[in-house]
Structure formats: structure tokens, C-alpha cells
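The values are calculated or read from the model by the stated rules, or taken from the named source; none is laboratory data. As the structure is a computational prediction, the values presented were derived from the model and not from experiment. Note that we place each Cβ from the backbone using ideal geometry, even for glycine, and neighbour counts take in every protein chain shown.
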Amino acid sequence: MKGWKETYINIVSPVQEEAEEEIVNERLKYHSKSPAELKGSDFDRKLELKNIKKMLKMIEKAHDFHSKFQYNNRAAGEPSLITKGMFAAENALYDYMNEVEGGDWDGKVDLES
């Protein structure tokens, strides 16, 4: 006969893991298709550059907001990881912007290929 602890782990643990996974999927919809991909349209360089610039401004605003935290980017540990993540996102956006301007992403939008 199973003990109460083993029964609890077998019942609750898988449910908690599924719930945590669903929360992440709801918060950040990683696998959703872009509007351009759904329409089967060509890549719009001008629109993409406009959206990149918007995201860069949003990161700048988030960084300004984060600097107002009591433990901000100068604190070791998690607070500094937030800043490092924003820097990484900013660098990735600038790299992507250079690729878009260079025509590396032109053509039909299709993430399946």
C-alpha cells in the first residue's frame, strides 16, 4: 500500500507541472504564428524596422523603470540579471535590424521551412 506522501506526489506533482507549463505558454506565446505568416504574405522590411525601433524604445523605458527599483541593476544577483537580459534583447534587436536592412529576411514569411 502506498503511503500518503507517495500518493500526494503521484497526484499533485504532475498537475502542478502542467499548470506551470500552461502559465508560461499563456504569458509568452512562443509558438503562435505571425500575422504575415498566417496571410502568406511577403516580408515587409519597412514595417519590421518600425517594430524593431518600437521594441528598442520599450526596452529603454523598461530599463528606466528598472533603475527605479530599490535593488536595481547595480545589485548583484537577480536584479542585475534583469538588466543583462535587457542588454541582450537590445543587442539582438540591433543585430536583427542590421540583417533586415541588409535584406537577409526578404521573401515570403514562412517559419516552417
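Suppose we filter ASP110, ASP104 for residues that are of a type outside the set (A, V, I, L, M), in contact (Cβ under 8 Å) with a residue 60 or more places away in the chain and assigned to a loop (DSSP other than H, G, I, E, B); which single one remains?
It is ASP110.
For segment 36-52, which residues satisfy the criterion of being more than 11 Å from VAL100 (Cβ to Cβ) and either under 17 Å from the mean Cα position of the chain (by Cα) or surrounded by 14 or more Cβ atoms within 10 Å (Cβ to Cβ) (or both)?
Passing the criteria: ALA36, GLU37.
Among the residues of segment 67-113 satisfying the criterion of being closer than 29 Å to GLU37 by Cα and polar (S, T, N, Q), which is surrounded by the fewest Cβ atoms within 10 Å (Cβ to Cβ)?
SER113
Looking at (1) out of contact with any Phe, Trp or Tyr (no Cβ under 9 Å at 6 or more places or on another chain); (2) in a helix (DSSP H, G or I); (3) surrounded by 12 or more Cβ atoms within 10 Å (Cβ to Cβ), which is the only condition ASP64 fails?
(3)
Considering only residues of segment 75-89 that are in a helix (DSSP H, G or I) and over 15 Å from LEU56 (Cα atoms), which is nearest to the chain's Cα centre (by Cα)?
For segment 75-89, the residue satisfying everything is ILE82.
Tally time: how many residues in segment 60-101 are among the β-branched types (Val, Ile, Thr) and at pLDDT below 95?
Qualifying residue count for the region: 2.
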